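**Q** Would you mind keeping the following structure in view while I ask a few things?
The values are calculated or read from the model by the stated rules, or taken from the named source; none is laboratory data. Quick caveat, the model's predicted, so the values are computed rather than measured. Please note: Cβ atoms are built from the backbone with ideal geometry, for glycine as well, and neighbour counts cover all protein chains shown. Accessible surface is based on the protein model in full, side chains and every heavy atom, while ligands, DNA and RNA are left aside. Shrake-Rupley method; radii C 1.70, N 1.55, O 1.52, S 1.80 Å.
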Amino acid sequence: MLSLCGAVEEGSPAGALNGPSQWVWGEHEARMRRATIRHTAVGYVIHHCSSVFWAALHEWAFGRKGKRVPRMCLDAALTSAGAYFVDYYIAPKRLRPGFRKHLSPGAILASYAAFAAGLAAVAVARGAFDERAAPHR
């Protein structure tokens with residue numbers, strides 16, 4: 001979603017992915033729009049690790065079985081909203097994602113919504129799989 005929004009809004013699918021590279025290279029470096037190993041690969045790895053962290057936290061907090069789909073979606077939205085809040089209001093400026101250097105608020109919302117949708121999709125799929133695997137009585 002970051003790449004799609006970046007391509008639409010600034011003509012660069014790599015720009016938003018470069019944002020998190022500011023953790024390593026400094027804030028001024030996060031404005032790079034073209035794809036580079038230094039910026040895009042580093043930004044992608046940081047973003048991916050952050051996403052896995054939030055997904056693991058989501059599973060720990062909300063991963064109980066037996067929930068209905070609306071609750072799974074709410075849990076995913078809460079996790080994504082929590083990630084946004086920490087990313088933009090708790091984290092020190094240099095440790096923020098850097099997406100704002102490339103994307104509008106609407107595109108950032110779409111990116112966090114896509115993350116929530118992914119978390120919910122996994123929970124729903126896992127729930128459906130668990131139901132099929134359970135013995136019928």
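**Q** All but one of (1) within 13 Å of G98 (Cα to Cα); (2) open to solvent by 80 Å² or more (accessible area, probe 1.4 Å); (3) assigned to a helix (DSSP H, G or I) hold for H39; which doesn't?
**A** Failed condition: (2).
Matching residues to (1) modelled with pLDDT of 95 or more; (2) more than 18 Å from the chain's Cα centre (by Cα):
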{"site": "C5", "(1), (2)": "yes, no"}
{"site": "G19", "(1), (2)": "no, no"}
{"site": "Q22", "(1), (2)": "no, no"}
{"site": "E29", "(1), (2)": "no, yes"}
{"site": "V52", "(1), (2)": "yes, no"}
{"site": "L57", "(1), (2)": "yes, no"}
{"site": "R64", "(1), (2)": "no, yes"}
{"site": "L74", "(1), (2)": "yes, no"}
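**Q** May I ask you to list pairs of residues, at least six apart or on different chains, whose Cβ atoms are under 6 Å apart, with the first in region 101-114 being of a type in the set (F, W, Y) and the second being open to solvent by 40 Å² or more (accessible area, probe 1.4 Å)?
**A** Y112/Y84
**Q** Of all residues in region 114-132, count the ones that are open to solvent by less than 50 Å² (accessible area, probe 1.4 Å), more than 21 Å from P13 (Cβ to Cβ) and at pLDDT 95 or above.
**A** 3
**Q** Being among the hydrophobic types (A, V, I, L, M, F, W, C), in contact (Cβ under 8 Å) with a residue 40 or more places away in the chain and open to solvent by less than 80 Å² (accessible area, probe 1.4 Å) is the requirement here; does A14 meet it?
**A** no
**Q** Here is a check on your reading of the model: is E9 charged (D, E, K, R), surrounded by 14 or more Cβ atoms within 10 Å (Cβ to Cβ), modelled with pLDDT under 95 and over 23 Å from A125 (Cβ atoms)?
**A** no
**Q** Let me ask something else about it. In region 74-113, what count of residues is obtained for those that are open to solvent by 20 Å² or more (accessible area, probe 1.4 Å) and part of a helix (DSSP H, G or I)?
**A** 22
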